[in-house]
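One structure below.
The values are calculated or read from the model by the stated rules, or taken from the named source; none is laboratory data. Source: prediction; values computed, not measured. Neighbour counts run over all protein chains shown; Cβ positions are idealised from the backbone, glycine included.
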Ligand SMILES: *Cc1c(COP(=O)(O)O)cnc(C)c1O
C-alpha cells in the first residue's frame, strides 16, 4: 500500500516538467507567468494531498492539464468580467444594467486615457466645477431650471431628503409608495438615515388628497412621491395626481419631491408603454425636485440625476454630502455622450442600446434565436427548439409590461438542465440563462449578434 502510494507520488510530474509542456506555452500566451505557475503548483499540491490521504491511485491519471486549465479560467481572469445575458431582462441589475454604445465608450476612453477639463474653466484659465458638464443638457432634456448628478438614484434621494428637510422635520409619503427597490434600498430607511421623520398617509391601496392635506403641519418639511417602478397596484386603488400635490405645496410653502426611479426621457406610449412617466412632463407639472437613475430606462452609466427648482439644486450642490456622493470623470463623460444622443434625437431607439433591445422588432430577435438553433443542430446530444415567449424590462422598470420575444430551448440527453446551466456559467464568457421544466432557456432579446458564435461554441465544448 505504502509502496504503491510512493510510486504514485513519484509519478506526479514536476513543476519544471509541466512548465516546459506545450500546453504551458499556450497558457503563457494568455495568462501572466505568475498565474500559470500558481495554478500548476496548486493542482500538483492538490493531487499530492489527495494521494497522501489515500484517494484511489487512479487519481494520478486524472488529467492534470485539464485541472490547471480550469484553475486558470477561475483565478487567472478578472473578477469583474463580461457575461452573456440570455435572460431577456434588459435592465438586469445583477448583470450591470445598461450597456453603453460604441460611440459613448469611445468618448469615455478618450476622457479616461488622458487629462480633461473636469474641474478647469477653460475660458477663465482657472479652477472650474465638475457640475457644469451635464447641467445644460439635463436642463434642456428635463425642462428643469437646474440639475445635478450624483453616484446613483439612491444617493440622489438621500442627498435631497437630507439637504431639503432640516433635522426632525417630517416627510409625508403615501403608504402605497413606501417601497423597497431591492438591494435593501427602502424609502423609510433612507429617510431615517437622513434624519427626517417619516409621516405615512393614506392606506396601501388608496391615498386621497385630503390625506395629504390633513397631514401637513408646521413641522412638515417635504412631501415625497415615489414612482412604483417595480410593481403595479391594481384593483380598488387611488393615488393623488402630481398636479394636485403641486397645488397643495404651493399653498402651504412646502417642497414636493418626486422619485421617478427609471428616468424615462422619451415618451414610450408609441410602443404601447403607458405606465412610465416622462421626466419633462413631470417637471412641467411644477414639482420642486425629481430624482431618477442614469442606468435604468435612460440607458446611461450608473448615476442619479436630481433636477428641479434652482434654489433647491443650489442648496444640494453646496451640501457636504454632495462632495461625498459626487461622480467621477468616467461617469460624466459617458452620461454626457448618452444625453447628447437624446438631445440630437436622431434614431434614439437605435443609438441607446437599452432602448434598442427593449423595443427591438421581434422578427429580429427570432432571427437571432434561429441562428443559435442552426449552430447547435448538428450536436447529436442536444434537442434545440425556438419558441415565442415574453421578456421583461427588469431593473425595477416597467412591471407587468410584456415584450414579445423568442427563446432557444436546450435539452441534453445526458446532462440535466441544471448541470448544463452550471457548465455554461464557468466558461470564458459565462452565459446566464434560466431554467424551466428541466430545460435551459436562452432569451435572444438580450444577446448581442456578436455573441452568437461564442454561444454555439460554449455548447459544442460542453457536448464534447
Ligand atoms: C431603482 C430605484 C431607486 C434606486 O436607484 P439606483 O440608481 O439603483 O440607486 C430609487 N427609487 C426608485 C423608485 C427606483 O425605481
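From the list 209, 198, 248, exactly one residue is in contact with a helix residue (DSSP H, G or I) (Cβ under 7 Å, 6 or more places away or on another chain) and within 16 Å of the ligand (Cβ to nearest atom). Which is it?
198
Only one residue in 118, 141, 108, 134 is in contact with a strand residue (DSSP E or B) (Cβ under 6 Å, 6 or more places away or on another chain) and touching a residue at least 60 places away in the same chain (Cβ under 8 Å), so which one is that?
So the residue among 118, 141, 108, 134 that is in contact with a strand residue (DSSP E or B) (Cβ under 6 Å, 6 or more places away or on another chain) and touching a residue at least 60 places away in the same chain (Cβ under 8 Å) is 134.
Can you find a residue that is away from the ligand (no atom under 16 Å from the Cβ), assigned by TED's automatic domain parsing to the domain that holds residue 161 and part of a strand (DSSP E or B) anywhere in region 251-259?
yes
How about region 280-302: which of its residues are assigned to a loop (DSSP other than H, G, I, E, B) and farther than 27 Å from residue 350 by Cβ?
Once the filter is applied, which keeps residues that are assigned to a loop (DSSP other than H, G, I, E, B) and farther than 27 Å from residue 350 by Cβ, region 280-302 yields 285, 286, 287, 288.
Hey, could you check region 135-146 for residues that are closer than 24 Å to residue 328 by Cα and in a loop (DSSP other than H, G, I, E, B) and say which is farthest from the ligand (Cβ to nearest atom)?
Here the answer is 145.
Being part of a loop (DSSP other than H, G, I, E, B), without any contact (Cβ under 8 Å) to a residue 60 or more places away in the chain and within 16 Å of the ligand (Cβ to nearest atom), is that true of even one residue in region 180-187?
Yes, that holds for at least one residue.
Residue check, residue 278 against (1) surrounded by fewer than 20 Cβ atoms within 10 Å (Cβ to Cβ); (2) away from the ligand (no atom under 16 Å from the Cβ); (3) under 24 Å from the mean Cα position of the chain (by Cα), all met but one. Which one?
Going through (1) surrounded by fewer than 20 Cβ atoms within 10 Å (Cβ to Cβ); (2) away from the ligand (no atom under 16 Å from the Cβ); (3) under 24 Å from the mean Cα position of the chain (by Cα) one by one, residue 278 breaks only (2).
Hey, can you tell me all the residues within region 2-29 that are under 14 Å from residue 54 (Cβ atoms) and in contact (Cβ under 8 Å) with a residue 12 or more places away in the chain?
Matches in region 2-29: 4, 5, 8, 9.
Among (1) touching a residue at least 60 places away in the same chain (Cβ under 8 Å); (2) part of a strand (DSSP E or B); (3) surrounded by fewer than 22 Cβ atoms within 10 Å (Cβ to Cβ), where does residue 200 come up short?
So the condition that residue 200 fails would be (1).
Name the strands (runs of 3 or more DSSP E) wholly within region 360-447 that hold at least 1 residues that are surrounded by 19 or more Cβ atoms within 10 Å (Cβ to Cβ) and within 21 Å of the chain's Cα centre (by Cα)?
Where strands (runs of 3 or more DSSP E) fall fully within region 360-447 and carry at least 1 residues being surrounded by 19 or more Cβ atoms within 10 Å (Cβ to Cβ) and within 21 Å of the chain's Cα centre (by Cα), they are 382-391, 403-412, 439-443.
Please verify whether residue 297 is within 15 Å of the ligand (Cβ to nearest atom) and either closer than 18 Å to residue 226 by Cβ or in the same structural domain as residue 146 (by TED's automatic domain parsing) (or both), treating the condition exactly as stated.
yes
I need the full set of residues from region 147-179 which are touching a strand residue (DSSP E or B) at 6+ places or on another chain (Cβ under 9 Å), more than 10 Å from the ligand (Cβ to nearest atom) and not in a strand (DSSP E or B), in order please.
If the condition is that a residue be touching a strand residue (DSSP E or B) at 6+ places or on another chain (Cβ under 9 Å), more than 10 Å from the ligand (Cβ to nearest atom) and not in a strand (DSSP E or B), then 159, 160, 161, 164, 165, 166, 168, 169, 175, 176, 178 are the ones that fit.
Applying the selection to region 260-269, what residues are away from the ligand (no atom under 16 Å from the Cβ) and within 21 Å of residue 307 (Cα to Cα)?
266, 267
From the list 272, 235, which residue is in the same structural domain as residue 187 (by TED's automatic domain parsing), more than 11 Å from the ligand (Cβ to nearest atom) and within 24 Å of the chain's Cα centre (by Cα)?
Matching residue, one of 272, 235: 272.
Within region 115-131, can you find the residues that are closer than 19 Å to residue 147 by Cα, surrounded by 14 or more Cβ atoms within 10 Å (Cβ to Cβ) and out of contact with any helix residue (DSSP H, G or I) (no Cβ under 8 Å at 6 or more places or on another chain)?
128
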